[in-house]
Structures are given as C-alpha cells and as structure tokens.
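Structure record follows, encoded as structure tokens.
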Amino acid sequence: MTNNCVEFVNPDNLPVEKLTLSVSNDGVVQNIKALDPYWVADRQFPLYERPPASSNIILGAVDAWIMKMESYLEDLKCLLALPHHRFWSTILYHTSCMDALVSFLQEASPPYMPPHESKNVQKLYEEIRRLVLIIFSRLITNKESKICWMSKEYMGSLIYDRFVFTVPVIWDICLTYGVDNAQHVARLLDAVFKLQPQNERDTAAAIAFVKEAFKFIILQVNKDYDSDEPLNLPETFKGFSEIRRPSSSAKDNLTVDVLQDLVIHILDTAVTLRIFVETYPRALDIYRKTNLILSIVQLYEYGIPKLYERLGEAGTGQTGLGAGQTGLGAGQAEAHLELARAELIDILREMLAVYKNNIFSGEGSTSGHVEDFLSLVLDALSEKLFIRDYHLCYPLNDDLEVLRQAYPDIDTVKTDFILQAIYSNLEERLPDDILTSDDILTNNAATLTNGHVESIDKPQPGPATDNEIPNNIREESLISEVKDILPHLGDGFILKCLQHYGFNSERVINTLLEDNLAEPLRGLDRSLPMIPEDVVEQKFLETGIQRLNVFDGDEFDIMTRDDVDLRRVHVGKRRDKHRHIAQLLDDKTDVKSRHDIYAKYNLVCEEEAMYSDEYDDTYDAEAQAEVPDADPDEARRPFVTPRVLQHRQQTESEEEEEEVSQKEQEAASAGRSRLDFCVNPEEVRARREAAHLARRGGVRPGTRPLAPRNTDVVGRAKGQGQDKEVLVNRERKEKHKSSRANHNRRQGAQAKRNRGMVPS
C-alpha cells in the first residue's frame, strides 16, 4: 500500500490523537489523522487454536497446528513492528486483531496443566505466549518516544470504551501469566486501573457473578434427583431464589464430564482470584465490599464435600472398559479438586497478607489494619471446615502472635475468641505456649508509666472470673468507683478503660489523672454512654445462628424471649368498628365530642335557641325594606363583647353604669337608629299603601288607570328597520337587566345579614 512509505512527522510533539499526517497519492496531498482506518495493517490475524493433545491424535494434526501457529506468530511480530500510530490504528479499526489476541488468552494452557509432549509445540507456544504479553504491555504504554505518545486521559477512555482491557481479559492475563510473571502482571494491572478507575466497578460486578456461580455449583451437587424436597442448607445461604436451579427434568445423576467441568471452573476461578489479589493488592477492598470470603466458605463447606461424593459415585457406577475410563476421569477430577481446595485457602492467605504488609510497612492506620485483619478472620469463622483446613496449613496463632508483637494494644477479646473457636473446632485444648489476655496481663505486671516503673502485685480479676457476683453488677460497681473521683466521665468510656486495664479501677483512675491513656483510648469520646448488649448478637454468640431481621430482639421475638405476651397477638383478620364506608360516614361521635369545646366560645348553639315558634315574624319582610344602604364608613357588624369577657363589665362602679344609661336615653330621644328593634305600625301601613299604588301604576282605587307603557323590544323583522321607541326599550332592558330575575340575590342576602337573620 502507499501508506507504508509515508514518513511519520511530528515537529510539535503533539499527542497521537491530535496529530494529522500529510499523505501524497499521485500528486494529491491529503491530511489524514494519525489514528484512522487508513493506517490499518493489511493482514488477516487468524484466531489461536489449542494444540492437539490426546491419546488418539490424527496423523499430521500436530504438523498442521504448527503451520497455522507459525503464521499466527508472524502476524504478532508484524503487529509489534508497526509504528506507534499504525499499531493503535490496527488495534482500534481492524476487525479481527483484538479477537486474535483475546483468543490466545482464552485457549492458553492454565498453569496447573502439564506442557505438551512435543518439544516443537512447547517452543512455539512459549514464543506466542511471550509476544502476546509484550503486545498487551504495549497497549498500556502511553509514551514510546518524544514524538510517539498518547495522553493518559485519552488512553484510559480508549481502552475502556473500545473494550481493549475488560475484566475477563484482565483475569485471563492473571491466569496465564500470573504464576511465572507476577511482577510484570502487577505493573500491568496497576497501570490499567490507574488509567481507568471504572474497572474497579466492573470488577465488583464480576465478583458478584462469581458468587452466583458458586451458589449454582452448590445447588448442582446438593440436588436430590430422587426427591423434590428442598436442600438442607443453612439460613446464611442467601440468594436462593435469585439463581437458576438445576433442571428438575434430569433423571440421571451428574456425569463425570459435568463434574469435571464444575471442578475445572472452581479451580480456574480460585487460581484467578488468588493471583489477582496477589498482583493487585487494592483488589482486597473489592473482595471485602462484595463479601467474597463468605461465598468461598460456603462453597468449601457445602460444595467441596458433595463433589467428592459425586465423583466417588461416578467412578464406581459403571463396569467394564467404560468404568475404567470413567475411573481415570474421576481420579483426575479429584486431583484438580484437591488443588482447588488449596487455592481457595490461599485466597484468604493472600488477603490477610495484604493487611500484614500494610501493618509492617507502616502504611495507613496500624490499628485500622489490625481490626480489618481480625474482622476478616471472624468472617471466615462462619463455617468449621474452611477455617480448620486453613489453620492446619497456616496456623493462625502464629499470625496473631506476630500481630500482638507489632501492635500491643490489639483487641484481646477477639483474639481469644478466634483461638478458642479454632481449637474447639479441632477438639483440642489450647497449647501452653499460646498466650491469652489473662496471661498477657500477668506477664506485663511491670509496665512503663510516665517514665517510671509501676509495680502491680496482682491484676484485678475481670468480671468474667468472678462466679459469685454477676458480670453487670461487677461492672457497675467498678464504674461507680471511678465516677466517685471523676464524675464528668461517661459510663461507656469508663467501661472501655476498665476493659483495657484488666478491670483495675485504681489503675484507671491513676492513668486518667496523669493523662497517660493508651493510644486506643485517647480518641474516644469521654462522655460516651453505656451501650447495652444486643440480645441478637448474644444469641448469635451462644448458638451460632445469625438472624438479620428488623424485629429481632423485640417483645414478640420468640428466639430470644420466653415471656411473650400471647394476649397481644391477634390471629386472623381483624374486624374494625365499622363494617363498611357508609357506616363510617354516619358515625358522628367525633363531631359530638367537640360540641362542648366550641360551646365555650358561643360558636355553637341549639336550633331551638335560634328559631323559636313564639317569635312573630309578621313584619320581617316589611322591616327589610326599611333598612337603608349600608354606610361604607360604618363597620359591617356592630361589635359584640364575648361572654367570657362580660364579667369585667360587671365589676365597674354603679356610677359609671348610671352615666352610660343616661347617655343612651339622651341618644334615643334625639332620634332612633336606623336599625330599630320594632317599627312603627303607622309607617308600615304607609309603606304598604305606597307599594300597592306602585303596583297599580300610581292610580288610586276608583280611578281609571293610565294606558300601559309600550315595552316592545322585538320590533319588526330584520332588515325592515326599527322604530325609535323599540330601540329605546332595548337600551333600557340592557341597562336594567341586572335588577331583575336572579341578579339581586346578593343584595337580599346582605339585607338579611345586616338584620342578623343569617349568621356570619
């Protein structure tokens, strides 16, 4: 191709993603980006194939494989020889380049498999294996020279968005190269995760998938094909309905081939997880967040023993030649299963090694790493088989002793609990050379305090060693002794100090007065209150059954209480007071109960008090017409003093009452108010007569009425013209239409309200 002869020029030292090269084809100059399909190498890049290895190899199969893989090797050499911009263009835009590289990682021989019998095959395989590792190392190298480089931000997004480095690719690299190239793989993984931190999130998702695969294996080997009863698994085995159960249509037991696949899957996964945390220690945080150790412990407890049983049944279940072949397959699977057990144990070993390295190197908080170490061991104690085998391979008492020497303030309660749990599982007593918390207090009888040696004749026995006095009473007594001297301290803080100093109250008081507390106690809040023990946690320590429920420890928890009041437990459907919604709406009990409250403020009155049959309403309609229009300057309603305040007016002197009454009489004589209580009958009769005359058109009885006024608003038909009188009537009707029909309701209501007929 013509692009092979183009000279790479970068005088400004620009990154390759921003660089443009000039290409001349037949006198035509083109500007092409440095990363473009134009620069893709013209090669096929075939997929890698696994070398034939079997007792029944076809004649010439090995030679044919060597010929194909020599071509594959040449393609790899050509890819490595490409310049920087052409190398990345081929990786990004060639349709089969990355597939060829990933195919080798998928088909490569794992480290536990023996090498091929043919020396030529081994030599060619090792050369291909070396070149593939170099290519992946070049893929995370952003700068090859001053003019051939790529920005780290662009490379990080490129390898993530184009799926150059994914979690399966990373784990395949660990499985293929992690055993004999651990340091190189460690640098490669560190560069990948620094370039693209989102790979940690993808790793957590991948570990969640691994946990589901472990659960599926447990279900497969525990399935009873002769019965549909549920599996006998512990309550801690969560996610029972989240994964696909084995098919219930199978009538035969698991075959050797299926069992071998399960064992190989466990072995590959265990080796990969072990190498991954060994070469990339930051993976420990991902393991802890996803609680991987619990899945490993459950697989080791409920999957591995059943796999041994299934392999034994498959190895002896047939006869004849087939049985012999099956026995060989079962024996090889058992060997792989033994190796898988060792790898699962080594996963925990490598996880604990990360914490120990951080403690000895002084990286981070030493106390935090020690607590994480003990917490991880406690998580592994959830089942017996795994921690027993781990202790036989790597004695935990040695690790705890080393930690105690590196960090003297280690939590002795947790260490004693771990040792007692391990040796009770082994059905052995604690060796004499293992120090417990009581032995440590005895050996440390002389400690350095404020530059002088403090002599302690005998440590104060803790509350657990006194059989006569209960623990809580003993603790309260010691706390009260300290609070007599230092009353400003909290009970919880004092208890922490007592636990640290062996429940020696005198030593605690002396240390607090000298302000010479130990390092773990200095950061505590001195007003820390006493926190009671959790009954659920205590039940877990006694029985080993872990229950996570929001109702644990309440008054109805029959697992932790024996005095549950069954009278407060309702069985069946509870019936309310109302059967249906109509009965609920008809219930006015709440309304009647509030009647007395509003009656105190005179806001509620009886219907009889408001409307009385003795009241004469003959002249109510006539009195309504007498009320003139309300003065805007006056208030809408006269002010009425509430009844609750009327007793103050009764306390006024009699002289003031007489003066007020005299003034009221003078005002009444001057003229009656417009809102008189009773209207003069003569005025009423006069108004009635005036209204009657108005209805008759102003004509008295016995006289001839005037001709009615013409009120025609219809007039002639449209287009013939209208009289002036019709137009005047139309205008009058439009102007006064609001005074008729239903347009005077507001005025009538206001008139009634002014007279007090309508409560406001």
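The values are calculated or read from the model by the stated rules, or taken from the named source; none is laboratory data. Only a predicted model underlies this, so the values are computations on that prediction, with no experimental measurement involved. With ideal geometry, Cβ positions are generated from the backbone for all residues, glycine too; neighbour counts draw on all protein chains shown. For accessibility, only protein heavy atoms count, side chains too; no ligands or nucleic acids. Shrake-Rupley method; radii C 1.70, N 1.55, O 1.52, S 1.80 Å.
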Theoretical gain in end-to-end length, residue 684 to residue 190 [0.36 nm per residue, Cα-Cα removed]: 167.0 nm
Amide H partners (placed H, <5 Å) of residue 143, local residues excluded: 150
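Quick one: if the Förster radius is 30 Å, what FRET efficiency do residue 577 and residue 597 give, using the C-beta to C-beta distance and rounding to 0.05?
Details: r = 23 Å, r/R0 = 0.76.
That pair, residue 577 with residue 597, gives E of 0.85.
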Residue-level accessible surface for residue 501, protein heavy atoms, 1.4 Å, Å²: 20
Sequence of 176, 20 from largest to smallest accessible area, 1.4 Å probe: 20, 176
Value of D in µm² per second that Stokes-Einstein yields for segment 34-187, Kirkwood Rh from Cα pairs, at 25 °C (0.890 mPa s): 147
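Assigning unit charges at the beta carbon (Lys, Arg +1; Asp, Glu -1) and nothing else, what dipole magnitude in debye, to the nearest 20, does segment 471-521 show about its Cα centre?
On the way: 4 positive and 9 negative charges, 23 e Å.
The dipole magnitude comes to about 120 debye.
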Computed lengthening from residue 288 to residue 714, 0.36 nm per intervening residue step minus Cα-Cα distance: 143.8 nm
Residue 67 accessible area, assembled protein chains, probe 1.4 Å, Å²: 140
Calculated from backbone phi, Karplus (6.51, -1.76, 1.60) coupling profile of segment 24-38 in Hz, x at Gly/Pro: 10, 10, 6, x, 9, 9, 10, 9, 10, 5, 5, 9, 7, x, 4
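Just order 403-416, 722-735 by mean Cβ neighbour count inside 10 Å, highest at the front, would you?
Values: 403-416: 16.6, 722-735: 12.7.
Highest-to-lowest ranking by the protection proxy: 403-416, 722-735.
First measure r as the distance between the Cβ atoms of residue 30 and residue 77, then evaluate 1/(1 + (r/R0)^6) with R0 = 22 Å and state the FRET efficiency to the nearest 0.05.
Working: r = 30 Å, r/R0 = 1.35.
Once the sixth-power term is evaluated, E becomes 0.15.
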Hits among lysines - C-alpha to C-alpha of residue 384 under 25 Å, sequence gap 8 or more where chains match: 211, 215, 223, 238, 289, 306, 356, 414, 539
Kirkwood Rh in Å, taken over segment 108-227 so that all alpha-carbon pairs contribute: 17.1
Where Cα atoms sit under 25 Å apart: lysine pairs in segment 34-187 separated by 8 or more or lying on different chains: 8
Amide H contacts under 5 Å for residue 21, placed H, 5+ residues apart: 32, 33, 34
Residue 59 paired with residue 588, simple spin-label distance in nm, labels 7 Å along Cα-to-beta-carbon: 11.1
Value in Å of the Kirkwood radius, where segment 471-521 supplies the Cα pairs that are averaged: 10.7
Residue 360 versus residue 388: modelled label distance in nm, points set 7 Å from Cα along the beta carbon direction: 3.1
